[in-house]
Structures are given as C-alpha cells and as structure tokens.
Amino acid sequence: MLSSETYHSPGERQLLLRFWKSAGGFWKGKSAGWAWLLTVLLIATVLLQLLTQYYLNFWNRDFFNAIERKDGEELLRQALRFIPLAAASLSLAVFSVWGRMTLQRRWRAWLSDELYRYWLGQDRFVRRTS
C-alpha cells in the first residue's frame, strides 16, 4: 500500500481544469455549432420549465379556490386552463431529455474521435505496446 508521501494524486481542481481543457474543444471546433445550439436550447428549456411550474402553482391555487367556493363555472375554466399547462410541461420534459441525450451522444462521439486521433497520431499506439 502506498503512503501519502509517495503517492501524489492531482487535486480535484486540477482534474476539473484538465477535463475542461480536453473536453472543452467540443464547444470550440467543428462541432461548436451543434454544441452551442443544444446548450442554448437546454438552458431555454429549463427556463421555460420554471415558467410553466410557476403558472402551474397559480393554477393550483385558483383550482382549489374554485373547489372551496363550489364555483362550477370557475372550476371548468380552471380544468380547461390545465390542459395547455400540462401539455407544455410534458413537452418540455420530453424535449429536455432528448436535448440532454443528444448533447451527451454528440459530445461522447467527439471525445472518442479526439482520443482515437491522439492515440493513433504519430504512432503513439506502437510506443505503448512495445
């Protein structure tokens, strides 16, 4: 077992900086267009989800106030108001998953290509095996 004096692991900050240095190229190179588009769309989706939840909270208040007042007309109006809110919430959730998975797949493909290019470049793979 190695003692703490003989084993020096890089700190968390160093690992994070090294990760961003190697993985950040996805947002800079040929893939930058898709990467930034998906990133911006995902941020917009999160903001729209927050807005939808905000309106659902108001709807919840108004719906239960109508039940408390036994106001059938208002209750129907609130039930009809719920349909687009639920559809928006569901659509945004589906789009969020699709966007996140698409961004992950594209980033992983880019990272794999970069690693293959590095390993195969300048015959590095030959030096590793000998």
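In the chain, the longest principal axis of the Cα atoms and the axis of helix 32-69 are about 30 degrees apart. With the simple spin-label model, which puts each label point 7 Å out from Cα in the Cβ direction, the Asp123 to Tyr54 separation comes to 6.3 nm.
Ranking Leu50, Ala79, Gly25 by Cα position along the charge dipole of the chain, where only Lys, Arg, Asp and Glu carry charges on their C-beta atoms, puts Gly25 farthest toward the positive end.
Accessible area per residue of the chain at 1.4 Å probe, in Å²? It would help to have the intermediate numbers written out before the result.
Working: 10550 Å² over 130 residues.
It amounts to 81 Å² per residue over the chain.
Compared with the alpha-carbon gap, the fully stretched path from Ala23 to Trp98 is longer by 24.9 nm at 0.36 nm per residue. Counting only Cβ charges, +1 for Lys and Arg and -1 for Asp and Glu, the dipole size of the chain around its Cα centre is about 680 debye. Toward the positive end of the charge dipole of region 25-130, about the Cα centre and with charges on Cβ (Lys, Arg +1; Asp, Glu -1), which of Ala35, Trp110, Ser96 goes farthest? With unit charges placed on the Cβ atoms, the residue in question is Trp110. The 1.4 Å probe gives accessible areas that order Val97, Val40, largest first, as Val40, Val97.
Which value at 222 nm does the chain reach when only helices count, each DSSP H run of 4 or more adding -39,500 (n - 2.57), with the total divided by all residues and rounded to the nearest 500 deg cm²/dmol? Show your work: numbers first, answer last.
On the way: 4 runs with 105 residues, N = 130.
-29000 deg cm²/dmol, from helical runs alone.
The values are calculated or read from the model by the stated rules, or taken from the named source; none is laboratory data. In this text, all values refer to a predicted model and were calculated from it rather than measured experimentally. Methodologically, a virtual Cβ is constructed for each residue, glycine included, from the backbone with ideal geometry; neighbour enumeration extends over all protein chains shown. To get the accessible areas, we keep the full protein, side chains included, count just its heavy atoms, and leave off ligands, DNA and RNA. Shrake-Rupley method; radii C 1.70, N 1.55, O 1.52, S 1.80 Å.
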